[in-house]
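**Student:** Pasting in a structure now, in structure tokens, and then I'll have a few things to ask.
The values are calculated or read from the model by the stated rules, or taken from the named source; none is laboratory data. A quick note: this is a predicted structure, and the numbers were derived from the prediction, not measured. Neighbour counts are summed over all protein chains in view; Cβ atoms, including those assigned to glycine, are modelled from backbone coordinates with ideal geometry. Heavy atoms of the whole protein, side chains included, go into the accessibility calculation; ligands, DNA and RNA do not. Shrake-Rupley method; radii C 1.70, N 1.55, O 1.52, S 1.80 Å.
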Amino acid sequence: MYIPNQFAATDTVELLDFMKHYSFATIVTAKDNVPLATHLPFAVSTREDKVILTSHFAKANTQWRQIVDRVNLVIFSEPHAYISPTHYDNEQSVPTWNYVAVHAYGAATIINDRDQAFEALEKMIDTYEEGYRKQWAGLSQDYKLRMLNGIVPFDIVVTDLQGSKKLSQNKTEQEQQRIIDTLSASTDGAARQIAGYMRGNPHPGE
């Protein structure tokens, strides 16, 4: 990912927080020089100081055949906002866009063991709706196995994590404050989230 120095995000804890909060990501692979992408929910965890991304493909989606023995790219991106040049002191300015994004690279392992596959599914449940565990536990084993047969669970061990926070760091404090005030008052939720990132409080009320 192209990241100008002033926008580089290198704090792993901060990057993990972003990935967990905006965990519906895009996995990108290539086949015969043609890019393939699927939008998937991910469970983000750490194991022995390594970042692990867990998810699953529908078995009918043949992209899962492209993820082993090669580097995969998973893109986490969500809040973004248009920034008007009217916020700047210099009239000779152009519009831009503020955003936060994380690119995670790594090789995948397909989870073929049945017990480990169930563990992967339960990790997803714990990530997205822990309260569903009770209903999940009451489902018949036959039903669970039929559901499991229709997916391909996998883990990605992240070998390279790249983050970009383009939040008007190259502007004056006064210009940044005008941008924050405008975005905070926006009816667009993503714009308000970017204002939160600019204030250093990305998840207010949580």
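**Student:** Only one of these is modelled with pLDDT under 95 and more than 24 Å from residue 165 (Cα to Cα): 32, 89. Name it.
**Tutor:** On the way: 89 fails: more than 24 Å from residue 165 (Cα to Cα).
32 is the lone residue from the list that is modelled with pLDDT under 95 and more than 24 Å from residue 165 (Cα to Cα).
**Student:** State which residue is most open to solvent (accessible area, probe 1.4 Å) when the search covers only region 1-31 and only residues that are of a type in the set (S, T, N, Q) and part of a helix (DSSP H, G or I). Talk me through it step by step, then tell me what you get.
**Tutor:** Taking region 1-31 and keeping what is of a type in the set (S, T, N, Q), we get 5-6, 10, 12, 23, 26, 29.
With the extra rule that they be part of a helix (DSSP H, G or I), the set shrinks to 5-6, 12.
On the way: 5: 146, 6: 96, 12: 71 Å².
Ranking the qualifying residues of region 1-31, first place goes to 5.
**Student:** Right, here's the next one. So, residue 26, is that one touching a Phe, Trp or Tyr at 6+ places or on another chain (Cβ under 9 Å) and under 23 Å from residue 202 (Cβ atoms) or not? Full working, then the answer.
**Tutor:** Numbers: touching a Phe, Trp or Tyr at 6+ places or on another chain (Cβ under 9 Å): yes; under 23 Å from residue 202 (Cβ atoms): yes.
Judged against the criteria, residue 26 is a match.
**Student:** Give, as residue ranges, the helices (runs of 4 or more DSSP H) completely inside region 115-201 that count at least 3 residues that are of a type outside the set (Phe, Trp, Tyr) and open to solvent by less than 80 Å² (accessible area, probe 1.4 Å). Before you say what the answer is, go through the steps one by one.
**Tutor:** On the way: elements: 133-138, 141-149, 173-184, 189-199.
Counting at least 3 such residues, we get 141-149, 173-184, 189-199.
**Student:** Suppose we filter region 95-106 for residues that are surrounded by fewer than 19 Cβ atoms within 10 Å (Cβ to Cβ) and touching a helix residue (DSSP H, G or I) at 6+ places or on another chain (Cβ under 6 Å); how many remain?
**Tutor:** Of the residues in that region, 1 qualify.
**Student:** Also, quick follow-up: Here are some residues: 8, 58. Which one is more than 26 Å from residue 80 (Cβ to Cβ) and at pLDDT 95 or above?
**Tutor:** Numbers: 8 fails: more than 26 Å from residue 80 (Cβ to Cβ).
Of the residues listed, the single one that is more than 26 Å from residue 80 (Cβ to Cβ) and at pLDDT 95 or above is 58.
**Student:** So, one more: Can you pull out the strands (runs of 3 or more DSSP E) entirely within region 32-88 that have at least 3 residues that are more than 18 Å from residue 121 (Cβ to Cβ) and within 19 Å of the chain's Cα centre (by Cα)?
**Tutor:** Values: elements: 34-41, 43-47, 50-58, 72-83.
Per the criteria, 34-41, 72-83.
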